[in-house]
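The values are calculated or read from the model by the stated rules, or taken from the named source; none is laboratory data. What you are looking at is a predicted structure, and each value in this text was computed from that prediction instead of being measured. Here Cβ is always computed from backbone atoms with ideal geometry, including for glycine, and neighbour counts include all displayed protein chains. Only protein heavy atoms, including side chains, enter the accessible area calculation; ligands, DNA and RNA are left aside. Shrake-Rupley method; radii C 1.70, N 1.55, O 1.52, S 1.80 Å.
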Amino acid sequence: MKIRQFTFNLFQENTYVVYDENSSDCAIIDPGCYYPEEEKALVNFLNDNNLVPSKVLYTHCHLDHSFGSKFLAEQYPSIAFYGDAKEQYYIDNSEEQSIMFGIGIQRPPSISHYVYEGERITIGNCQFQVLETPGHSIGGVCYYCESAKVLFCGDSLFAGSIGRTDLYGGNYQLLIQSIKTKILSLPDDVTVYCGHGYATTVEEEKHGNPYIS
Ligand SMILES: [Zn+2]
């Protein structure tokens, strides 16, 4: 599995392109490209690597994780949007949210495929398993590839920190429970790619994260 990380928009959100050498298929996890130069950087990377994204995988649908969705839907009309059904709330309310933050957005397309706990999603030769991890948002999920030992956790967990729980649908107790039962129960050597900041490992967070250790 190959992973390309971009850091986009004024919230410094991490957008990931997941692909492998033997296929033109790829997925974009949480497309946060906002400015034209960010859209261009993403498309240039896809074109340079002969990649055509078939899916957007949302860990959750907060604004900063979905800024680029409308653009991708226009560029790649057959792209599907995967996410938990409960996350549609944030898309439905995205315009109000953007006014609150004082920024303009185009409403992201609706989720077209509702993911569920244990679902397996194939991207090229990679297979991801869906782990439901609510707490930061109402229907947050992680995408776990067992063979590559990689987890995309959105804003549930950060290196040395955890996601905020003060927005709609946030729940601190639930987030801690999600992290402990779904993320820290994975093998120690799983690399955890977060929605913001640096990647970490299960082992590092088990021992070094003050919120959960
Ligand atoms: Zn978030």
Under unit Cβ charges (Lys, Arg +1; Asp, Glu -1), what dipole magnitude, rounded to 20 debye, does the chain have relative to its Cα centre?
140 debye
Given springs between every Cα pair under 10 Å in a Gaussian network model of the chain, which of 41, 85, 159 has the largest fluctuation?
41
Environment charge at residue 138 (Cβ cut-off 10 Å; Lys +1, Arg +1, Asp -1, Glu -1)
-1
Per 10 Å bin, what is the whole-percent P(r) computed from every C-alpha pair distance within the chain?
9, 38, 38, 14, 1
So for the chain, averaging the separation of alpha carbon pairs under 8 Å that are six or more residues apart and normalising by length, what relative contact order in percent results?
16 percent
How much of the accessible area of the chain, probe 1.4 Å, is carbon plus sulfur, in whole percent?
48 percent
Binned at 5 Å from zero, the C-alpha pair distances of the stretch 24-118 give percents of 3, 14, 26, 25, 17, 10, 4, 1
Provide the per residue accessible area, probe 1.4 Å, for the stretch 2-208, rounded to a whole number of square angstrom.
43 Å²
Looking only at 26, 126, 142, which one moves most when the chain is put into a Gaussian network model with springs between Cα atoms under 10 Å?
126
Relative contact order (percent, whole number), the stretch 103-213, Cα cutoff 8 Å, 6+ residue spacing
22 percent
Determine ³J(HN,Hα), in whole Hz, for all residues of the stretch 103-108 in sequence, where each value follows from phi through the Karplus function 6.51 cos²θ - 1.76 cosθ + 1.60 and θ = phi - 60°; x replaces Gly and Pro.
10, x, 9, 9, 4, x
For a test of understanding, tell me how many lysine pairs in the stretch 2-208 have Cα atoms under 18 Å apart, given they are 8 or more places apart or on different chains.
9
If R0 = 25 Å, then residue 159 and residue 35, at their Cβ-Cβ distance, give a FRET efficiency to the nearest 0.05 of 0.45
What size of dipole, in debye to the nearest 20, comes out for the stretch 75-136 about its Cα centre when the only charges are +1 on Lys and Arg C-beta atoms and -1 on Asp and Glu C-beta atoms?
200 debye
Taking H placed 1.01 Å from N in the peptide plane, check which residues at least 5 places from residue 55 or on another chain put their amide H under 5 Å from its amide H.
26, 28, 80
With every protein chain kept in the model, how would you rank 7, 200, 165 by accessible area, 1.4 Å probe, largest at the top?
7, 165, 200
When only C-alpha pairs under 8 Å and at least 6 residues apart count, what is the relative contact order of the stretch 1-49, in percent?
30 percent
